[in-house]
1. Given label points at 7 Å from Cα along Cα→Cβ, what nm distances, shortest first, separate residue B:405 from the same residue in every other copy?
2. Share of Cα-Cα pairs in the stretch B:458-572 beyond 19 Å, in percent?
3. Distances from residue B:220 to the same position in the other copies: list them in nm, one decimal, shortest first, using label points 7 Å from Cα along Cα→Cβ.
4. What is the spread of the Cα atoms of the stretch B:106-246 along each of their three principal axes, largest first, in whole Å?
5. Which loop-located trypsin sites (Lys or Arg not before Pro) does the stretch B:397-491 contain, where loop means any DSSP state but H, G, I, E or B and the Cβ has at most 11 other Cβ atoms within 10 Å?
6. Ranked by Cβ crowding within 10 angstrom, fewest neighbours first, how are B:230, A:280 ordered?
7. Please compute the Kirkwood hydrodynamic radius over the stretch B:460-499, one decimal place, Å, based on all pairs of different Cα atoms.
8. Count the net charge of all other residues whose Cβ sits under 14 Å from the Cβ of residue B:247, scoring Lys and Arg as +1 and Asp and Glu as -1.
2 protein chains.
Amino acid sequence: MLWDQVIWTKRESELRTSQGQSHGTEEQTQTSPITACVLGHPKQTTSGGEDMRNCSVTPPFLPVTAVNTTVRLKDFRQHMETKGLDAYIIPDTDAHMSEYIAEHDERRRWISGFSGSAGNAVVSKMKAALWTDSRYWIQAERQMDCNWELHKEVGTLPMATWILAEIPAGGQIGFDPFLFSIDTWKSLDLHLQGSNRSLVAITDNLVDQVWGTERPSLPSQPIYYLQENFTGSTWQEKVTEIRNQMQTHSNAPTAVLLSALDETAWLFNLRSNDIPYNPFFYSYTLLTNSSIRLFVNASRLSSDVLQYLSSDCTGPMCVQIEDYGRIQESIQKYSVEDVRVWIGTEYTTYGLYGVIPQEKLVEDSYSPVMVAKSVKNRKEQDLLRAAHVRDAVAMIRYLVWLEENVPQGTVDEFSGAEQVNKFRGEEEFSSGPSFETISASGLNAALAHYSPTKEIHRTLSQDEMYLLDSGGQYWDGTTDITRTVHWGIPSSFQKEAYTRVLMGNIDLCRLVFPSSTSGRVVEAFARRALWEAGLNYGHGTGHGIGNFLSVHEWPVGFQSNNIAMAKGMFTSIAYPLHDPTGLSLPPEPGYYQDGEFGIRIEDVALVVEAQTKYGGSYLAFEVVSLVPYSRNLINTTLLLPEQLEYLNQYYKTIRQKIGPELQQRNLKQEYEWLLKNTEPLIDNSSWVRLPASLTILVATTLALALGQSL
Amino acid sequence: MLWDQVIWTKRESELRTSQGQSHGTEEQTQTSPITACVLGHPKQTTSGGEDMRNCSVTPPFLPVTAVNTTVRLKDFRQHMETKGLDAYIIPDTDAHMSEYIAEHDERRRWISGFSGSAGNAVVSKMKAALWTDSRYWIQAERQMDCNWELHKEVGTLPMATWILAEIPAGGQIGFDPFLFSIDTWKSLDLHLQGSNRSLVAITDNLVDQVWGTERPSLPSQPIYYLQENFTGSTWQEKVTEIRNQMQTHSNAPTAVLLSALDETAWLFNLRSNDIPYNPFFYSYTLLTNSSIRLFVNASRLSSDVLQYLSSDCTGPMCVQIEDYGRIQESIQKYSVEDVRVWIGTEYTTYGLYGVIPQEKLVEDSYSPVMVAKSVKNRKEQDLLRAAHVRDAVAMIRYLVWLEENVPQGTVDEFSGAEQVNKFRGEEEFSSGPSFETISASGLNAALAHYSPTKEIHRTLSQDEMYLLDSGGQYWDGTTDITRTVHWGIPSSFQKEAYTRVLMGNIDLCRLVFPSSTSGRVVEAFARRALWEAGLNYGHGTGHGIGNFLSVHEWPVGFQSNNIAMAKGMFTSIAYPLHDPTGLSLPPEPGYYQDGEFGIRIEDVALVVEAQTKYGGSYLAFEVVSLVPYSRNLINTTLLLPEQLEYLNQYYKTIRQKIGPELQQRNLKQEYEWLLKNTEPLIDNSSWVRLPASLTILVATTLALALGQSL
């Protein structure tokens, strides 16, 4: 799946701010992948309709989908007054800077009615305002009542500007320090500096107080540990590795603080399901050189798990269980001693950062656990490979099923999504989808993050392209794959666009690059073939992925704040081309406003050592997603010989690895489909590389042949 | 020419600091082009010899090239004591952050004896230390006496670390604020913060006081204006354009301050020759919305020039001449009013920055003049193109001359350099070389910035490769081109390395990319073909270039702090491969230590609009350097059909543009050479693209032919 905007809107302001500080020139490079991600969204039609609010008429028109927020805002403002606040900021994240959040944390949704995954709100004494990006403008107009202003911008600057205009000097702006990243806080604080308006950290979340008993409770399902055959190392080995890093670190940290939920899940090989699509549980870890402190709801740990964690002792290899809610207090207490706490600033909240004295902080963008987790060892690599083999079987079953059923007109986007989820669910070790399935037909595929609902969806048709971006959670690995298909006769433009997207995929997948190269340095190889024809896409090009963890696993990827590529990392390589008519083509009447189709090809690849002719330390990608591309969408005459060669080699690998799996399960139809769809492709107007000795002979023959054909 | 280390060592620390602030991950991406530039230098043998000092024996051994600094250091320390200083920092630049400096400004050279272009010095009460990069370590050991420590690092951090170790708490460290960039000052200040050691700005330079009458005087040759046929716009038009930018700027600056020497030279179309290879003159400009103030030595302006500048009035389009030395005082005075001064932080010194109150500053990385200068208008483009045509004639004359004379053993690196300079000098509008000619044979070419001397040079031979990186200053444009040649039988590795360097050149030159793309995003296209074989180079990939201005013209290029590409910019595209044996190949005894050869191909290209199939705003490069590559070094079987096609098209352009020029001048031998060297290249083991209708026929023929040949 594409790197979601959620994480972008959370980080985008910080990114802009920090880059602005380092180089003024960043402003002049607006088409760099970072900002393009925000800028490049396909336009949505903003023409009003019966399903959207209209606050400019009297009385205001509200669709049935709008949520009445009058009462809750009134209650909320009373609480604000009690605290002496002039405004209060309600962000869209949780205390772990999670990409997906539990219902328990959907404060912004509850107070505003708006359910989109990205968007921050501010409530002042008289006004209520929401900032969100273009994906969500229509949705916001459908869900919010007229108590709310919609601002079509993202980042801290527009919000700060609004606050400066709305809140009089001397004003106090409240916020929950556990819902603010360090950088968001710094950025807002900077914008308000010298304005005589101050940010006030309120530890008791104000929304929660008003939400009261209606608020979904904290998830409380059991936390379990993974069997040894699904883990790369024991938690003891991981703890030892991180402690070794602490010892060799030049600033000699005495402890590592883990805030992101997948950090703790990874370290202890523990899982639960607090967050949709993510097998995590609410937790923190303070790993010191002499103790291991896991902050979690202890009642969720069975005696078996407690034993697994050696929780009955206090030695350096015993896990002491402490209450989840006591993290701030404990960190504060620990920081009194002569200690140094190593944190990853990208995932630590201001709430924890603020209680550690500056001189006791060892700051990196990412914690050592985050970085260690990104490099999969041999066993973890094998586990992820195995998950992708089964995932390919599910995908192929679905593609065969579509070929049979779409022509009958019985499949829609929603039932299709259900079907692929069902096929995945039938695979061994399955643990549900790894994100909400993006199943989009025709123009819906032009919306990058479209997901169908039971109520609103489009019927799949032989006359339209169909995009499926989906993935699974398995005990051995997380998957993510996108294929775009067409069951009828695609237009030549659709074929060209698809082929150029594929060429980008191939060019990046077959690249050899020096060790420690950053993804951003090589990202343009995915775009060259599109650029050549005047096409482009407005998103990033890939993201890390976990072993039964996040489908978007930081800090691996192709963007400015991703770390350098290293052997053992897994990254998705996605080549989206959304709404090419809307994004890049000259406006043609009736053709520009609405999207026509969307194309995306996405595979997961492992970073491996490359053997080059002259040696040296080089890397390459090994694609582990093993599902054929759409033959009828490939214009082979556009492919270079090397690209064709790569493609046929990839097909050979698919046959070798998936063929036996299908045969073994007696999936005959699927096996035949596989053979048909992995037949070597031949360029009809072939490039032929002739051995030197034959050049003249063939040249002569050609001349003769051409003579004859004219 | 390659972007020189001089500018790198000046900026490297700032870059690191600012990037470190924005993203901790930068440290993990050490092979990105930025740092690679510093890291990637070929190893020099450091084994001692009779020509290097040995301070560990008694008495120390000093070569004849060592400069005795005992007396000057003693005098210098007395001055330090008078000022109450514990140490004093002596950087390698001038008050305009120039890449090349006049003898008048070679303070670091005078105090230390070390004449290399990059290296900073600190003198304390007891010690004297120099920091320089690997290019200069041997040279420093030859030129410095035992009063000096050599530190093999660059940037502000090692220097600050040394200061903290050497200077006791409470110590005062003096520096000349006019020789410090804003960022260097900030960086050093940050490193020393909280250490109870303070930086003290001393306006009277301490070295100058000791240097006394021995110091070369300020250049004083006449300043002249360019004839209209050599300028793109009049100075009045340029002033109007910049004032328009001031008016539309959101911070409404009332003035622009120009510190870099080429900014003032460009704005007024004035030139002189204060700096080697650069037709600049010591100056500043303060352009306000109602006045134009040029700070310069007035005695250098003839009445003709004064009239040209309308210097006899004080209106908004009259240039008021003020004394060069009064800039600080004038800025300070101006800043008392209700004004806002727009500066480019990269080229403004702390000396001027420090006198403008923070709230009156409008800061960008580059001044609007720097940015405007980088985009050449139609006329400037034509002027630069014309200069490149004449430059190609000089280059071809030299290549023909080499072919004749090298086999006779009569050419050495130094006489070769003199010869190419002579040929350039014979071209119309010539104004000398644009940098010190790099003329390097055999292993010397493996040293990126090698230049031969009258005393030390290598004889050119048919058995070795030869690299020439040179350029000219012409009244209509500045040129820069690199060609690598071999007159005998190159090894297959030499051919492969050369061909892969060329493939990188071609891949970048034929790239189509969206408007406003940053160079750093596409830089890797120049490296792909090398990476593929396990080869790489440790330098940047190109730099801007001026119209009779700098050969390295900021802020255009392919590095992190370059601005986005725009139509009308000129950039060099250089593909160096230095010392591949030392850099990238596995160690082989006796082969690894010393370089064998160096390859570089460098052309200047204009950024133009690209016409794509589906429209949109796209850019491409038009190469304006028009000299054929070395046919005997190209392995055509490595080239892709598209690369070959590009190459042959380039050769066609050379014939069209340079052929008539040679004929017109009756340069018959050169014309024949041109024809021979621009013959279309054919791949001996050709890729042939067959029309679809013929595929089967040819496949059959091929099968038959193959059958016959087996």
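Since every read-out is calculated from the coordinates, none of them should be taken as a lab result. The shown structure was predicted, so the numbers you read here are calculated from the model rather than taken from an experiment. Cβ coordinates were reconstructed from backbone atoms using ideal geometry, including for glycine residues, and neighbour counts include every protein chain displayed.
1. 8.1
2. Considering the stretch B:458-572, 56 percent of its Cα-Cα pairs are separated by more than 19 Å.
3. Residue B:220 label point versus its equivalents elsewhere: 9.2 nm.
4. Extents along the principal axes: 57, 37, 32 Å.
5. B:454
6. B:230, A:280
7. That comes to 11.9 Å for the stretch B:460-499.
8. Net charge in that neighbourhood comes out at +1.
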